[in-house]
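Take a look at the structure below.
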Amino acid sequence: MTELLDRWQFGVTIVYHFLFVPLTIGLGVLVAWMQTLAYRRKDADWDRLARFFGRLFLINFAMGVVTGIVQEFQFGMNWSNYSIFVGNIFGAPLAMEGLLAFFLESTFLGLWIFGRGRLSERVHLACIWLVAFGSTISALFILAANAWMQHPVGFRIVDHKALLTDIWAVFANSTLWEEFAHTVLAAFVTAAMVVVGVSAWQMLKRRDVRIFARAATLASGFAAVCLVATITTGDMQARLMDEQQPMKMAAAEALYNTASGASFSLLTIGNLSGQPIFQIRVPHLLSLIADLSYDGKVQGINQLQKAEAKKYGPGSYVPVIWLTYWSFRLMVGLGIVMLVVAAWTWWLSRKRSRWRLEDCRRTLWVLVACIVAPFAANTFGWLFTEMGRQPWIVYGLMKTSQAFSPTVGTGSVIGTLAGFTVLYSALGAVDVALMRRAARQSLDPPAGEEGAAGGGSGEEVAGLVY
Amino acid sequence: MTGPVASLNTAWFALIGVLWTGYFVLEGFDFGVGILSPLLAADDVDRRITLNAIGPFWDGNEVWLIVAGGATFAAFPTWYATMFSGFYLALFLILVALILRGAAFEYRARRDRLSWRRTWGAAHAVGSLLPAILWGVAFTDLVRGLDITKGPHYVGGFAGLVHPIALVGGVASLLVFSLHGAVFLSLKTTGELRRRARRAAALLAAPAFVAVAGLGAWTGVTIAGSSRPGALSGAVPAALVVVALLALGAGGLLIARGREGLAFGTTAVAIVALSAAAFAALFPRVMVSSVTARDSLTVWNAASAHETLLVMTVVAAIFTPFVLAYQAWTYWVFRQRLTRPPAGPGQTAGPSSPGGSPAAVQGDAAPAVPGPTSR
C-alpha cells in the first residue's frame, strides 16, 4: 500500500516537474537565439520577440525550480532504502547538477532579469546564454542518475550497497548519451512548438503579423530539425533498449511470444491476457526497429518472464502492458504528427513560399492546438520509460518494492500526496492562466519608446520587476 | 566504524556544514525580508521594492539548499536517507512553503487586482515564515538527539521533532533571520522604508539575543548532561555561541547608530557562528541517537565509499571557486539602493517585462531622503 502511494507521489511530482522543465530548457535557447539576432543585426523586432517570449520563460522558470526541490528531496523522504542503496553513485550527479548547473542558471537568470540597462548589451546577452547552457547541462546530470537506474554501470555491490568503481563509466553510459540527446531535443521541440503556436494565435488576431511570422519561421524550422533528430535518437534508444531491457521493448509492443521478422502493431485492441481482438500491423517493422534487420529475432514477454524468473528468482517481471503499449504509441504518434505540422509550417512560411502563413488560417488553428502535443508526448515518454522498467527501480539490482522509506507511515504519505496534488493543481491552473494571458498580450513597444506606451495601469512602478 | 580525523569524510562533513551555513546566511536575509515585508511596507510600491531588493538573489540563494541536499546525498547517503525520511512532515511543510514563495515572487506583480496581490503577498510571507522557523527546529533536533534505532531508522515521528528546545530553536532562527532581513532591507532601500527597516532591526536585536542565549544555554546543558558527547570539547560550540551573541549585540548597537553595512556583517557572522556551533557540536556524528550511542550516524558509518568522496572532492575543488566568484559578482552588480520613484505620470512599461528599465529604480543616484542618522 505504502509502496503504491509512494509511487503515485513520485509520479505526480515528476510528471508535474517535467511539464515546466522542457519548456525552460528550450525557451532558454530560443530566447537567447532571438536576443542574439537582435544584438547582431540591431533588429528591434527580434528584441521585442525576445522580451515577449522571455516573459513566458520566466513564468515557467520559478515553477521548474521549486518543483525541482521536491524532486530532489523526495528520494530521501519517500525512498530512503533506495537512497542508501544507490547514494554512492546516484548522489554524485545530483550534487554536481546543483554545483555546476543550478547555480549557473539561477544566478545568471537573476542577472538577466534585473540586469537589462545595467549590464552592457553584450554581457546581458551572455547571461541568457549561460542560463540556457546551465539548464541544458542540468539535464545531463539528472539523466546520468536516471540512466544508471535503467542500465547500471561502473559499480560493485558491497554490504547491500552499490559502490562507485568508475565515475567515467557512469558518465560514458551508452544509455545516458542517447537519453540526453533524446530528452534535450524533445525539450527544444517543446519550446519551439509553443513559440509557433503562440505566434499563430497572434497572427490569427492580426497583431504584429509580420513580426510573429518571423518567430514562426524560425521556430517551425527549428522544431522540424529537432523532431527529425528526436525521432532518430528515439529509434537508437529502442535498439539499445532491446539489448539492455528487452522486457521493456516487448511490453512496448505487447509482443507476447518471441518472433522473427516481427511486425509492428499500429493498433491493437485486445484483452489484458494478450489475446488480440483486432489489430493493424506493419510487417517486419518491429524487427527493423529493434534489430535493424528484416528478419531479426525479437523476444516475447512470456519467454522473457521465464528467463528473468530463472535469473532473479520467482516473481513477475512484466510491467503494466496496456500502459507501456499505449504510452509508447502515443509518444511516437505525437512526434510524427508534430514533425508533419512543423515541416508544413516551415514550408509555408519560408521566404519564397507561394503562400503567406498569416493567411493560412486553418494551419494557424492547428498550430495553436499543437501547443499541448509536446507536453503530452514528453509525459508519455517518461511514463513509458519509467513504468516499462518496473518491477525494477534499478534494473536488475533493486526492486521498487524494496526501495521505499520503511519509517514513513501510510498516513503521512496519503497526507503529503493529497497536499502536493491539491497545491500542484491550484498552481497549475494559475500558471496556465498567466501563460495564456502573457501569450495574448501585445509585444512591448521597441526599446527606447517605453515611456510613450501606457502598458499597465497608473499604479505600476517603472522598472520594478517583481 | 571510525577513521582518522584528517580524511575526506571530515572534509565533506565540513563542506556540507559550509553549504548549510551559506544557505542560512544568504536565504536567511531573504526569508527575513519576506517575513517583514507586509509589516514594513506602507503600500504596494513599498511592497514591491522589498521583493525587488531580494529579486536578483533569492533563486541563487535557494540553490545553496539544493546543493547542500545533493552533497549530503552523495557524501553521506545514510544521513540523507535517515534525515529526510525522519523529518518527513517537517520537510513537506518546508517544501510547500518554498513552492508558494517561489511562485509568489514570479506571480504577484503580474496582475493589478488587489485581491490577487494580497493573496500572493500572503503566500510569500507565509512561505518565508515557515522555513525560517522549521530550519531552526530541525537543526536543534539534530544537535539535541533523536529516537534513532538500528537500521538506521528514526522512529520518533513528527511529535518527536516538536520538543521544547527545538521550539526555542525555531523561535531563535525566526528572530535571527528576521533581524538579518531587516538589516539587509535597511541597506538596500531609501527614505521612509529604510527608516522603518532600521527601526525593526533595532527592535529585533534584543529578542534575537535573548532567544539565542536561551537556546545556547539550554542545548549546552542538555548535551553536557548526555553520556554521548561529540569528539570536540563542549567548549568549542559554546565559544561559537558566545561569538554569535557578541555579533548580535554589536549588530544591535551598529544598526541603532545607522551603520547598516557593518550591522549586516555582524548578523551574517552571528548566523555563521550559530551554524558552525551546531556542526561542531555534532562532529563526528551527523545524527545523534538519543537511544544508544551505538546507533548514532557518524561521518564514518553514514558516508559513501572513498571513490565517491574522491570524485566529489575533485569536482567541488574545481567548480566552487567559480560559483563563489559569479555569485559575489551579482551582489556587486546590484549593490545600489532601490529608490522609490517619484509619483506622477510617465510611468511604466508593463510590470513583467524582463527588463523594462530598472535604471529608474536601481539608480546610482543618492537616496532622495537620507535617514536622519545616516552618515
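The values are calculated or read from the model by the stated rules, or taken from the named source; none is laboratory data. Computed from a predicted model, the values in this text were never measured in an experiment. As a convention, Cβ positions derive from the backbone with ideal geometry for all residues, glycine included, and neighbour counts pool all protein chains shown.
Name the residue that is surrounded by the most Cβ atoms within 10 Å (Cβ to Cβ), counting only residues in region B:90-104 that are in contact with a Gly (Cβ under 7 Å, 6 or more places away or on another chain) and not small (Gly, Ala, Ser).
Restricting to residues being in contact with a Gly (Cβ under 7 Å, 6 or more places away or on another chain) and not small (Gly, Ala, Ser), the top hit is B:Arg101.
Got at least one residue in region B:180-196 being over 15 Å from the mean Cα position of the chain (by Cα) and surrounded by fewer than 16 Cβ atoms within 10 Å (Cβ to Cβ)?
Yes, the conditions are met somewhere in region B:180-196.
B:Thr266: in a helix (DSSP H, G or I) and out of contact with any Leu (no Cβ under 9 Å at 6 or more places or on another chain), yes or no?
Criteria not met by B:Thr266.
Looking at region A:249-279, which of the residues that are part of a strand (DSSP E or B) and at pLDDT 75 or above is surrounded by the most Cβ atoms within 10 Å (Cβ to Cβ)?
Looking at the filtered set, the residue picked out is A:Phe264.
With respect to B:Gly156, is the statement that it is more than 8 Å from chain A (Cβ to nearest Cβ), modelled with pLDDT under 95, surrounded by fewer than 24 Cβ atoms within 10 Å (Cβ to Cβ) and not in a helix (DSSP H, G or I) true?
When the stated conditions are applied, B:Gly156 passes them.
Name the residues in region A:101-118 that are surrounded by fewer than 23 Cβ atoms within 10 Å (Cβ to Cβ) and either closer than 30 Å to A:His160 by Cα or more than 7 Å from chain B (Cβ to nearest Cβ) (or both), would you?
Within region A:101-118, A:Ala101 is the sole residue that qualifies.
Collect the residues in region A:77-93 that are more than 24 Å from A:Ser106 (Cβ to Cβ) and either facing chain B (nearest Cβ under 7 Å) or part of a helix (DSSP H, G or I) (or both), keeping them in residue-number order.
If the condition is that a residue be more than 24 Å from A:Ser106 (Cβ to Cβ) and either facing chain B (nearest Cβ under 7 Å) or part of a helix (DSSP H, G or I) (or both), then A:Asn78, A:Ser80, A:Asn81, A:Tyr82, A:Ser83, A:Ile84, A:Phe85, A:Val86, A:Gly87, A:Asn88, A:Ile89 are the ones that fit.
From the list A:Ala187, A:Ala169, A:Ala192, exactly one residue is touching a Pro at 6+ places or on another chain (Cβ under 6 Å) and in a helix (DSSP H, G or I). Which is it?
A:Ala187
Given the options A:Leu19, A:Leu49, name the one that is within 23 Å of A:Thr190 (Cβ to Cβ) and surrounded by 24 or more Cβ atoms within 10 Å (Cβ to Cβ).
Going through A:Leu19, A:Leu49 in turn, just one is within 23 Å of A:Thr190 (Cβ to Cβ) and surrounded by 24 or more Cβ atoms within 10 Å (Cβ to Cβ): A:Leu49.
Residues of region B:95-139 being closer than 14 Å to B:Asp44 by Cβ and basic (Lys, Arg), which ones?
B:Arg108, B:Arg110, B:Arg111, B:Arg113, B:Arg117, B:Arg118, listed by residue number.
Wholly within region B:4-123, which helices (runs of 4 or more DSSP H) include no fewer than the required count, namely at least 2 residues that are more than 8 Å from chain A (Cβ to nearest Cβ) and small (Gly, Ala, Ser)?
Correct list: B:8-40, B:88-107.
Yes/no per residue for (1) at positive phi; (2) under 22 Å from the mean Cα position of the chain (by Cα); (3) among the polar types (S, T, N, Q); (4) crowded, with 19+ Cβ neighbours inside 10 Å:
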{"site": "A:Arg207", "(1), (2), (3), (4)": "no, no, no, no"}
{"site": "A:Ala219", "(1), (2), (3), (4)": "no, yes, no, yes"}
{"site": "A:Val225", "(1), (2), (3), (4)": "no, yes, no, no"}
{"site": "A:Val228", "(1), (2), (3), (4)": "no, yes, no, no"}
{"site": "A:Gly234", "(1), (2), (3), (4)": "no, yes, no, yes"}
{"site": "A:Gln237", "(1), (2), (3), (4)": "no, yes, yes, yes"}
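Collect the residues in region A:391-441 that are within 20 Å of A:Phe57 (Cα to Cα) and in contact with a helix residue (DSSP H, G or I) (Cβ under 8 Å, 6 or more places away or on another chain), keeping them in residue-number order.
Selection gives A:Tyr424, A:Leu427, A:Gly428, A:Val430, A:Asp431, A:Leu434, A:Met435, A:Arg437, A:Ala438, A:Ala439, A:Arg440, A:Gln441.
Answer yes or no as to whether A:Gly98 is in a helix (DSSP H, G or I), buried (at least 24 other Cβ atoms within 10 Å of the Cβ) and free of Cβ contacts under 8 Å to residues at least 60 places away in the same chain.
Yes, satisfied.
Filter region A:414-440 for residues that are touching a residue at least 40 places away in the same chain (Cβ under 8 Å), more than 11 Å from every other protein chain (Cβ to nearest Cβ) and farther than 20 Å from A:Gly197 by Cα and give the result.
A:Ile414, A:Thr421
Within region B:40-65, work out how many residues are within 13 Å of the chain's Cα centre (by Cα) and of a type in the set (Val, Ile, Thr).
1
Note down all Cβ pairs under 7 Å where the first residue falls in region A:53-76 and is within 7 Å of another protein chain (Cβ to nearest Cβ) and more than 30 Å from B:Met83 (Cα to Cα), the second is of a type in the set (D, E, K, R) and part of a helix (DSSP H, G or I), and they're at least six residues apart or on different chains.
The qualifying pairs are A:Leu58/B:Glu106; A:Ile59/A:Asp431; A:Ile59/B:Glu106.
Based on this model, can you work out whether A:Ala132 counts as more than 19 Å from A:Leu397 (Cβ to Cβ), assigned to a helix (DSSP H, G or I), small (Gly, Ala, Ser) and facing chain B (nearest Cβ under 7 Å)?
Here the answer is no, as A:Ala132 does not meet what is asked.
Could you check how many residues of region A:392-402 are assigned to a helix (DSSP H, G or I) and surrounded by 18 or more Cβ atoms within 10 Å (Cβ to Cβ)?
Of the residues in that region, 1 qualify.
Residue under question is A:Leu37, and the condition is that it be surrounded by fewer than 24 Cβ atoms within 10 Å (Cβ to Cβ) and aliphatic (A, V, I, L, M); does it hold?
yes
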